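**Q** Below you will find the structure I want to go over with you.
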Amino acid sequence: MYLAKIYVTHKPSILDPQGEAVKNALHRLNYTSIDSISQGKFFEVKLNADSKDAAVKTVESICKDLLVNQNMETYRYEVEEG
Amino acid sequence: MYLAKIYVTHKPSILDPQGEAVKNALHRLNYTSIDSISQGKFFEVKLNADSKDAAVKTVESICKDLLVNQNMETYRYEVEEG
Amino acid sequence: MKFAVISFPGSNCDWDMYYAINDALGEEADMVSSESTDLDQYDGVLIPGGFSYGDYLRSGAIARFAPVMKAVKKLADAGKPVLGVCNGFQILVEAGLLPGSLQNNTSMEFISDWAPLKVVNNRTMFTNGYSKDQVIKVPIAHGEGNYYCDDATLQELKDNDQIVFTYEENPNGSCDNIAGITNRAGNVLGMMPHPERAVESILGGTDGLTLFKSILNQVRS
Amino acid sequence: MQKQVELSPEQIRDQKVYRDWGLTDGEYDLISEKLLKRLPNFTETGLYSGMWSEHCSYKNSKPILRKFWTKGSRVIQGPGEGAGVLDINDGQAVVFKAESHNHPSFVEPYEGAATGVGGIIRDIFSMGAKPIASLDSLRFGELSNPKNRFLLDKVVAGIAGYGNCIGIPTVGGEIGFDKCYDGNPLVNVMCVGIMDQADIEAGRAHGTGNSIIYVGAKTGRDGINGATFASSQFSKEEESDRSAVQVGDPFMEKLLVDACLEITHKHSDILVGIQDMGAAGLVSSSAEMAAKANSGVDLNLDLVPQREPGMTPYEIMLSESQERMLLCVKKGHEQTVLDVFERYGLDAVVIGSVNDDGQYRLSQHGELVCDIPTKTLVDDVPEYTHPLVEPARLKQPAPHFTPEFDDLGTMVKQMLGQATIASKQSVYQQYDSRVQANTVLAPGSDSAVVRIRGTKKALAMTTDCNSRYIYLDPFQGGQIAVAEAARNIVASGALPIGITDCLNFGNPDDPESYFEMSKSAEGIAKACEQFDAPVIGGNVSLYNETDNAAIYPTPLIGMVGLIESNDQITKASAKAADELVYVVGKTFDDYSGSEIQKMLADQISGRIEHFDLATEAKNQKLVHTAIVDKLVDSVHDISEGGLIVTLLETLFENELGFTGKTALTREQLFSETQSRFVITVPKQNQAAFEKLAGDQATLIGTTTADHELHLELSNDNLNLDVNEMNQIWKEGLSWLMKSKA
Ligand SMILES: Nc1ncnc2c1ncn2[C@@H]1O[C@H](COP(=O)(O)OP(=O)(O)O)[C@@H](O)[C@H]1O
Ligand SMILES: [Mg+2]
């Protein structure tokens, strides 16, 4: 069994209304030291694979197929045995 | 300026409809090797602070105040200068 | 009776609630901004549906910090009626006035339809006009209406008769088919279905009007 | 900072860079030799390319749009403004318009559809109207292709995501499936608003020294020069766009709607004009507002709120960032307006002012980066007429098609499960159709009906277009699209008062495609006059082709009808057992372009027969009179799938049955002869109804309580369990969607 941690974030030039709204809320709560905030997704995936390489391959392809909208998002991941 | 990376995940005992839905979709796409998947949130926060300690303190408290619903979610973070 | 309808940035059922009280029920309701801090002149508070602050982060999470929420708590503590519908329910939960949480529908899709509901508890100030186990028809419209709480909380809800409405056909995966609950004292009701959309027969039914009439009954008697 | 090196005017000319932006050699020469008498610089060339694109200028479609009938006694504002306006009595007006977002929805379906909704809503409230309802009209390739399932899923989620959040009910729409939409899905949305006639606003900037105020979201590198790309054909290699995808923020737009309506209602004395920033963003809104008022503007781009550092004038002016509006406000009164926006938490900034020399002047970092006559951007666009060539398929239509099948019951079941026929509930239940608490008929009936609070009036609305008929006969097909919309409006108890359109076609440079466009417009125009429903606005989407394969010509009709008294609102579902069931209109062997032809022959072909506007109008009048006289309980028009589908749909909701007899053949149950309705009449009204109807209606049976259907035909008998049929129909679409790989 392998454990993959996948981090999905907005591409820089894409509008992130969610992050904006959270930042504004924090400012209203007087956290004025917050300069910017962006909200992304974080997946923890447990999967079976014959090797780490095979696991990485699967992770790469589920990112492309489903987890990530490549029009708007970028991603990175770590895979470890676990 | 400090950069905090905050990871928010469902508590293990709590229902995660989003993770379930993603898993089912992956199974329908024939990724049968996926054993489980949980979907959380990932924030990148840029903030001003006088010291790393001060930054950590702010991050801790914005998590508790707003970013995390402690009934259902847990969190961890890393803070670095940046 | 004089109600306050709380309007948050992004509330979109605020006027529906306002008209339900002023036109259909024939009582008085004011539209009150979420920035206001004083609700002392009101006999009850109605927190409407919508997408407060875009429902970004988690639905209701940002709204809970609006200045008005302190006043809502005060009014709730005084035993006056507080009703949260849909996003209003989500806000009450985030604010800790009601237990549990509202998660994504299991279909991960928004659902809008008429839902048959069972009145499980008709001895509350919101439901005294219904008979026990009466099935009523009220519209639902939500993406995050999947009520969830831990087992201990659920047991408490049951033991204290806090479950008020359940779905006849569960549309969203909520535990024990819960559609609406009260706080322990029974004066704060949160529900996903929209009673304010069922107050005129031209709109498809008046089962929701009975809920507002129940509040009047209680206060007047 | 990614400071781009901009090409010099000479480089633009010599390397013919303007061609990449969609300007032709002739257009470029016109600009440099006649209009400017000098070479345009980089920014200026970009502005012309955006403003002279088909999407903004209608340079290819204007000759066609002129064919439409736009007068009508109710018209307050015809085509030309953000949206058209019609008088609905008592000093009130209805405002509506439809818009396409085809290309963005193909590239990024969720955001493309969502921003389509956001865009059309801005057109409505920029007129001063409160948006009260939206509708959609969607076309996809067949669901056997996973890409189309993905597109449908995401497009619907996008429409729902935006409409539900902003709190405007999505009350109706339509969806069709045909191979030709593979790679060219259509996503059209329509928005309807109401207002007091006294509050009408216009998109104008006049009065020297008056201020130009920018409000709403910051400008980013979203959809830069999208108007130009929307006006070009797709090719497979070019699926990825150069600039960032536009993302919608419905929360921000909700604040914008409320704030702008507050200004139009409370501060109309200081508001000169207001317009949304749609295609070609800041340049089109500012240039159009100024050109309409014969003035010019001076804008300082440093003042434009920007999301990203280092944006060039070209990027700032042609960005299609969403949720932005432009206002012209009387000099000295800016603060009043800024204060309102501030209360809603919106960014609002004075970015320039109106001038009296008619120049369009932009400065950035203290430099003049554009200085051209405003009119040249808007009014000097050349207009193109194109050769028309009748496509070969129209000259020699295929021979008459007669459906052949074994078992009638099996055929009915297969029909009910077709994507185009099956219930769309799994789609429309994702739309909040009741927010605002005015929806009387939500999706599921013939047209949606929204009452006008505080009056006895209600508005009926529908979107319709059977593109198969237009493909087979553009002129008659155009008429049929309008007739079908009117039929849906009438079925709900209303009378049509006007239409908006969305002309979705292929490449106008293709003479056959242009022929289809031209002929269908003539058909639409003719039918509009017949039904007293002028065209008050619309939108054109050309170049819907992938690698030279064009869609069926699809001129969407969005129609609005008025119901004077809300006790006339009529549903499509029969209410009770023991009511008489009539078919209004005659049934012939009409299978060209029908669903059954598509099912059995896997293509459509043939000649459109037996349609004429006079018969259509006569049958609609009968139905409307019967409704007003309170003789009928339910009315459902007959469209795709024919009589049997309509009859079953009439029975489903209340789980009724039917027993009856007809002289029709079993094949004719699937005929799609136009101008027909299924209606139910309580027995006590039989004499009165039959007297009114004469030979226009035929009694075919009665409703029963046992959810069984027994129908005797001239050459067969049909016996069905209505609840079983209901299940097939209801689950058909989800079933096709779930057959995921
Ligand atoms: N995409 C959609 N969005 C909202 N409602 C829809 C959609 N597609 C169909 N509907 C609703 O489903 C019902 C049937 O649609 P349709 O078959 O197109 O009707 P008709 O053939 O009478 O025009 C209508 O009430 C329509 O508004
Ligand atoms: Mg119809």
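Where a number appears in this text, it was derived from the coordinates with a stated rule and is not lab data. If you're wondering where the values come from, they're calculated on a predicted model, not measured in any experiment. In this analysis, Cβ positions are derived from the backbone assuming ideal geometry, glycine residues included, and neighbour counts consider all displayed protein chains.
**Q** Please get the size of the charge dipole for the range C:2-220, origin at its Cα centre, with Cβ charges of +1 on Lys and Arg and -1 on Asp and Glu, quoted in debye to the nearest 20.
**A** Once rounded to the nearest 20, the dipole reads 420 debye.
**Q** Let me ask another. According to a simple spin-label model (label point 7 Å from Cα along Cα-to-Cβ), what is the distance in nm between residue C:152 and residue B:61?
**A** 2.9
**Q** Counting other Cβ atoms within 10 Å, which GluC sites (Glu not before Pro) in the range D:628-670 have at most 13 and lie in a DSSP loop? Write out the running numbers ahead of the final one.
**A** Working: sites: D:640, D:649, D:653, D:655, D:667; in loops: D:640, D:653, D:655.
Listed in order of number, the matching sites are D:655.
**Q** Within the range C:119-187, which trypsin sites (Lys or Arg not before Pro) sit in a loop by DSSP and count at most 12 neighbouring Cβ atoms inside 10 Å?
**A** Counting only loop positions with at most 12 other Cβ atoms within 10 Å, the trypsin sites (Lys or Arg not before Pro) in the range C:119-187 are C:123, C:132.
**Q** For the range D:592-632, which trypsin sites (Lys or Arg not before Pro) are in a loop by DSSP, counting at most 13 other Cβ atoms within 10 Å?
**A** Those satisfying the criteria are D:630.
**Q** So, one more: Find, among the residues of chain A, the one whose Cβ sits nearest the axis of the rotation taking A to B; state the distance in whole Å.
**A** Reported as residue, whole Å: A:42, 2.
**Q** To continue, here is another question. Cβ under 14 Å from residue B:49's Cβ, residue B:49 left aside: what net charge do those residues give with Lys, Arg +1 and Asp, Glu -1?
**A** -3
**Q** Label position 7 Å from Cα toward Cβ: report the copy-to-copy distances for residue A:28 in nm, one decimal, ordered from shortest.
**A** 3.7
**Q** Right, here's the next one. So for D:351, C:140, C:47, fewest C-beta neighbours within 10 Å to most, what's the order? Walk me through the numbers on the way to the answer.
**A** Working: D:351 21, C:140 24, C:47 36.
Taking fewest neighbouring Cβ atoms as first place, the list is D:351, C:140, C:47.
**Q** I need the calculated FRET efficiency for the pair residue A:35 and residue D:727, taking r as the beta carbon distance and R₀ as 41 Å, to the nearest 0.05.
**A** On the way: r = 56 Å, r/R0 = 1.37.
In this case the efficiency is close to 0.15.
**Q** Given the rule -39500 (n - 2.57) for each run of at least 4 DSSP H residues, summed and divided by the residues of chain C, what is its mean residue ellipticity at 222 nm, to the nearest 500 deg cm²/dmol?
**A** Dividing the helical sum by the residues of chain C leaves -6000 deg cm²/dmol.
**Q** For the range D:130-149 and the range D:314-385, what is the separation of their Cα centres, given in Å?
**A** A separation of 34 Å, based on Cα centres.
**Q** Between the range D:496-570 and the range D:42-97, what is the C-alpha centre distance in whole Å?
**A** 14
**Q** Fewest Cβ neighbours within 10 Å first, please rank D:245, D:440, C:164 accordingly.
**A** Taking fewest neighbouring Cβ atoms as first place, the list is D:245, D:440, C:164.
**Q** What net charge is computed for the residues neighbouring residue D:137, neighbours being all others with C-beta under 9 Å from the C-beta of residue D:137, Lys and Arg scored +1, Asp and Glu -1?
**A** Overall, the nearby charge balance is -2.
**Q** Still on this model: Could you give, in nm with one decimal, how far residue A:76 is from each other copy of that position, shortest first, with labels 7 Å out from Cα toward Cβ?
**A** Copy-to-copy label distances for residue A:76: 1.7 nm.
**Q** Now for a different question. Give the long-range amide H neighbours of residue C:111: residues separated by 5 or more places, or on another chain, with amide H under 5 Å away, using H modelled in the peptide plane at 1.01 Å from N.
**A** Amide H neighbours of residue C:111: C:142, C:143.
**Q** For each pair in C:213/D:571; A:41/B:11; A:41/D:154, compute the distance between the two Cα atoms and list the pairs where it is over 23 Å.
**A** Exceeds cut-off: C:213/D:571.
**Q** In peptide C:145-154, how many Cβ atoms from other protein chains are near each Cβ within 10 Å, on average?
**A** Mean inter-chain Cβ contacts per residue within 10 Å come to 2.
**Q** With +1 on each Lys and Arg Cβ and -1 on each Asp and Glu Cβ, how big is the dipole of the range D:71-128 about its Cα centre, in debye rounded to the nearest 20?
**A** 200
**Q** Binning at 10 angstrom from zero up to the longest distance, how are the C-alpha pair distances of the protein assembly as shown distributed in percent?
**A** In whole percents, the pair-distance histogram is 2, 10, 18, 23, 22, 16, 7, 2, 0, 0.
**Q** Also, quick follow-up: So what's the back-of-envelope 222 nm ellipticity for chain D, counting only DSSP H runs of four-plus at -39500 (n - 2.57) apiece and dividing by all residues, rounded to 500?
**A** -9500 deg cm²/dmol
**Q** Across peptide D:425-431, how many C-beta atoms of other chains are within 10 Å of each residue C-beta, on average?
**A** Mean partner-chain Cβ count within 10 Å for D:425-431: 4.
**Q** Place a point 7 Å from Cα of residue D:38 in the direction of its Cβ. Which residues in the range D:365-390 have their backbone N less than 17 Å from it?
**A** D:367-377
**Q** Let me ask something else. Between the alpha-carbon centers of the range D:417-449 and the range B:8-82, tell me the distance in whole angstrom.
**A** About 37 Å separates the Cα centre of the range D:417-449 from the one of the range B:8-82.
**Q** At 0.36 nm per residue, minus the direct Cα-Cα distance, what do residue C:161 and residue C:31 gain on full extension? Give it in nm, one decimal, please.
**A** Stretched fully, the residue C:161-residue C:31 segment lengthens by 43.6 nm.
**Q** Around residue D:124, under 12 Å between beta carbons, what's the net of Lys plus Arg minus Asp minus Glu among the other residues?
**A** In short, -3.
**Q** Ordered by packing density, taken as the mean number of other Cβ atoms within 10 Å over each peptide's residues, highest first, how do D:297-305, C:52-60 rank?
**A** C:52-60, D:297-305
**Q** Taking 0.36 nm per residue of sequence separation and subtracting the Cα-Cα distance, how much length would be gained by fully extending the chain between residue C:221 and residue C:176, in nm to one decimal?
**A** Details: separation 45, 0.36 × 45 = 16.20 nm, distance 3.28 nm.
Extra length available between residue C:221 and residue C:176 comes to 12.9 nm.
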